[in-house]
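The structure under discussion appears below in the form of structure tokens.
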Amino acid sequence: MSARPSSMDINSSTKKHPKQVIREYLDEPEEETSFFDGVTENLTKLLDGISFSIGLTRFRTWLMILLTVLSTYACSEVMFNLRWETSLAVVAVGTVFPVVFSIQAAYQNREKSLKYLDDIKATFIYMYFTFGEWDRLHSGNVQPEAEATMSQLIVDIMAVLRGKQFGGVARESVHKVYDGWHQLCADAHRNTKVPPPWVNGMSISIRVAMSAFESVKTLKDYETPRGLRKLCYFLIMTTPILLAPYWANFCIDNPDEIEWGCLASYFVGVLYVIITSTLLHVQEALEDPFDGDGIDDIKWDLFGNQLDIMALHGPEGPKQRAEYRKEMDEMRAAKKEAQEQAKEGYQEADVKDSKA
């Protein structure tokens, strides 16, 4: 079996793409993508973008499109014949700027939340490893209990951040989180053989995790300014209708104009609705990154799974992870075999029924 390249060999491989060097180091086969795969990937992204902007579930967008079309029709010659010329740039900037500012504020809150959650996760990993070393050096048995406490803390922190603001369930979950912090402090002082400076370092780590939790909980409780969000909603819901005479004015000096207007007026109005409504969707999706429903929300499953496999790291980590992967492969193979057997059973039953 060929030896894996050293870190010096990896850093000196300037003629190869970094991903290719990493695959060779990990003994992973290089992925081959065809022209058809590239076209399919880009087409999928295009369809996802269309679905995000004007998907069938975007009832508000479709309602605004309908109202914009009806109001533009009402301003045509066949109805009230209302037209005026104005500066769309002023209206568009006045509408889009508050939404963009709100998106930026929501995005910054999301990034801060991720940073604080990373601090909590890193502190938990450090505490788990430290408790294990304390047990090994001082004949203790604190790590299993501390691991159970941290696992429950993760569940309670998720419940607090994913729950409604200031709700009864959220308040009870906060109490459970504080109970977990207290239990961790008790675990840190349980082994009396541990030197006091080490215990003091563990107490500081617990305080860092508590401070990070309070910070992310504050971001959850106090989102972007509500007045700004209400202003954005009001402008986006009203300006397409109030600008109906301006949309109808696009048909002036248009030889293709008929009584109910021209296609340009309806096209510009609908396009304006799609752009502003999509920006509002982006802002609302970033507003609460904790619920786990949006495409840009925090991946709670990934956050929890990374902490669930802490026992697979350490001096025996490579061996334990190999055994873990082997067990997972065996489970997948057994599941696939059971599905194939069930499929064959269904096919045999269908054949018998057809003969009968």
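The values are calculated or read from the model by the stated rules, or taken from the named source; none is laboratory data. If you're wondering where the values come from, they're calculated on a predicted model, not measured in any experiment. Quick reminder, even Gly has a Cβ in these numbers, built from the backbone with ideal geometry, and neighbours come from all protein chains shown. Note: accessible area is taken over every heavy atom of the protein model, side chains too, but ligands, DNA and RNA are not part of it. Shrake-Rupley method; radii C 1.70, N 1.55, O 1.52, S 1.80 Å.
Of all residues in the range 166-185, exactly one satisfies the criterion of being at pLDDT 85 or above and small (Gly, Ala, Ser), namely 180. A search for C-beta distances below 8 Å between a residue of the range 269-280 that is more than 17 Å from residue 75 (Cβ to Cβ) and at pLDDT below 90 and any residue that is open to solvent by 20 Å² or more (accessible area, probe 1.4 Å) and among the charged types (D, E, K, R), counting only pairs 6+ apart in sequence or on different chains, returns 277/58; 277/60. Within the range 218-236, being crowded, with 17+ Cβ neighbours inside 10 Å and either within 20 Å of residue 162 (Cβ to Cβ) or among the hydrophobic types (A, V, I, L, M, F, W, C) (or both) holds for 219, 220, 224, 232, 235, 236.
Hey, any hits in the range 77-86 for a residue that's polar (S, T, N, Q), open to solvent by 80 Å² or more (accessible area, probe 1.4 Å) and not in a helix (DSSP H, G or I)? Yes, the range 77-86 has at least one match.
Restricting attention to the range 119-148 and to residues that are closer than 20 Å to residue 210 by Cβ, out of contact with any His (no Cβ under 8 Å at 6 or more places or on another chain) and open to solvent by 80 Å² or more (accessible area, probe 1.4 Å), the residue that is modelled with the lowest pLDDT turns out to be 145.
Can you list residue pairs whose Cβ atoms sit under 7 Å apart, with the first residue in the range 53-82 being within 14 Å of residue 267 (Cα to Cα) and the second being open to solvent by 50 Å² or more (accessible area, probe 1.4 Å)? Count only pairs 6 or more apart in sequence or on different chains. Matching pairs, first to second residue: 67/241; 68/241; 71/241; 73/79; 73/260.
Name the single residue, out of those in the range 68-111 being over 33 Å from the mean Cα position of the chain (by Cα) and small (Gly, Ala, Ser), that is nearest to residue 280 (Cα to Cα). Write out each step before concluding.
From the range 68-111, those over 33 Å from the mean Cα position of the chain (by Cα) are 69-90; that's our starting set.
From what is left, the residues that are small (Gly, Ala, Ser) are 71, 74, 76, 87, 89.
On the way: 71: 22, 74: 26, 76: 29, 87: 22, 89: 19 Å.
Applying the filter and picking the extreme gives 89.
Taken together, the criteria exclude residue 224 from residues that are assigned to a helix (DSSP H, G or I), touching a helix residue (DSSP H, G or I) at 6+ places or on another chain (Cβ under 6 Å), closer than 22 Å to residue 282 by Cα and β-branched (Val, Ile, Thr). For residue 106, state whether it is of a type in the set (Gly, Ala, Ser) and touching a residue at least 12 places away in the same chain (Cβ under 8 Å). Yes; evaluated as a whole, the condition is true for this residue.
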